[in-house]
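S.K.: One structure is given below, represented as structure tokens, and several questions about it will come after.
The values are calculated or read from the model by the stated rules, or taken from the named source; none is laboratory data. Owing to the predicted nature of the structure, the values given are computational and were not obtained by experimental measurement. Virtual Cβ from ideal backbone geometry, glycine too; neighbours counted across all protein chains shown.
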Amino acid sequence: MQGQVSATYVRLLHEYLAARGHDAVAVLGEAAPVVDGSGLARVAIDHWAALLDRADAVLGETAPEPALGLAVGAGIGPSHLGVLGYLSLHCRDLADALSRLRDYERLVYDVNPGRLLPLADSVVLEWGDERGRPGQRVDECAIAALIAYARNITARPDAAPLAVSFINPAPPSMAPYEAFFRCPVTFAAPTTTVRLPFEWLAAPLRQPDDALRALLDQQAGEQLARLPPVDDFERRLRETLAGALRDGDASLAACAARLHCSTRTLQRRLEAAGSSFQAALDDTRRQLATGWLADPRLRLIEISQLLGYTDQAAFTRAFVRWTGQAPGQWRRARAVTASGSRT
């Protein structure tokens, strides 16, 4: 599949193997990449997946690591991300830092684009499979790195998301995932998501510095500008729709205004992508619904209201159309699946 990740991930793998007493060069068949000041040293996603597979096979001969991606991603720190790492370190709070990480995500993870979906009491970071599925080890390393980094820069090593889901099939054991994330973790989900509570997002960082942040912001922007262009229209539209649903007006006109374009321009962009406004709205609602249904604290009537439906029956009809199941059935089936994967 297409896509690239920062060479810093390969550095993390070399460091992890060395800490386990292995000769990383012998295991992986290559030296650690030289990460220069440009911040653009990257490796193909398929190559990164192959390196993780190779390391896992060697470790399995002596001391298997049940979730290698988690173990590797957990070692990340600001220095591993170069300019982007130091930029986020000098932000005001975690929400500000994650906003910067999302804006410059392509510098470290240029595979499936991330989306930010605001909820009533939290924020969901979401990745689909538009460009393919790189595999569980790649995904778990990226998500573990995100959580480990958030814990690092907020100096809150015990902080936890509200929920994590992976698009990949369930592993043999859930134990390492629940131990690392300290929250419910599900697999075989429609998308890979991380749900973060507002309380953690508001956590102040250790070294806020507006002037330095502005300088590093400019440098990160210059690095991003040197990458090949990519159209992030789909991500911006999905985030716009999520915000519009939350605010109670997800009409075509309201979303076009949020995107600073005319309704005709928005329709034309969607037609060029082989979609329509209603299809995009339905897909956003579907993805939000499946994420919220995974949280047992949210009642069905609350989810229907968050999605902008006038009554729960309208939400139920739509959900049956999307999935073939009523929301309550879908929730119970997911709970049974999650319970079975833990046994």
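S.K.: Quick one: which helices (runs of 4 or more DSSP H) lie wholly within the range 254-343 and hold at least 3 residues that are over 24 Å from the mean Cα position of the chain (by Cα)? Write out each step before concluding.
M.R.: On the way: elements: 263-272, 277-293, 300-306, 312-323, 327-342.
Result: 263-272, 300-306, 312-323, 327-342.
S.K.: Can I ask one more? Using beta carbons and a limit of 7 Å, which pairs, at least six apart or on different chains, have the first residue in the range 300-326 and farther than 21 Å from Ala120 by Cβ and the second one assigned to a helix (DSSP H, G or I) and modelled with pLDDT of 90 or more?
M.R.: Ala326/Thr316; Ala326/Phe319; Ala326/Val320
S.K.: Against the definition (in contact with a His (Cβ under 7 Å, 6 or more places away or on another chain), among the charged types (D, E, K, R), outside the structural domain of Arg102 (by TED's automatic domain parsing) and closer than 29 Å to Asp96 by Cα), how does Arg11 come out, yes or no?
M.R.: In short, yes.
S.K.: Please note which helices (runs of 4 or more DSSP H) are completely contained in the range 96-207 and include at least 1 residues that are crowded, with 22+ Cβ neighbours inside 10 Å and touching a residue at least 12 places away in the same chain (Cβ under 8 Å).
M.R.: Details: elements: 136-154, 175-181, 198-201.
So the answer is 136-154, 175-181.
S.K.: So which residues in the range 111-128 are under 12 Å from the mean Cα position of the chain (by Cα) and of a type outside the set (Val, Ile, Thr), if there are any at all? If you could, list the steps in order and put the result at the bottom.
M.R.: First pass over the range 111-128, keeping only residues under 12 Å from the mean Cα position of the chain (by Cα): 111-117, 123-128.
Of everything in the range 111-128, those that are under 12 Å from the mean Cα position of the chain (by Cα) and of a type outside the set (Val, Ile, Thr) turn out to be Asn112, Pro113, Gly114, Arg115, Leu116, Leu117, Leu125, Glu126, Trp127, Gly128.
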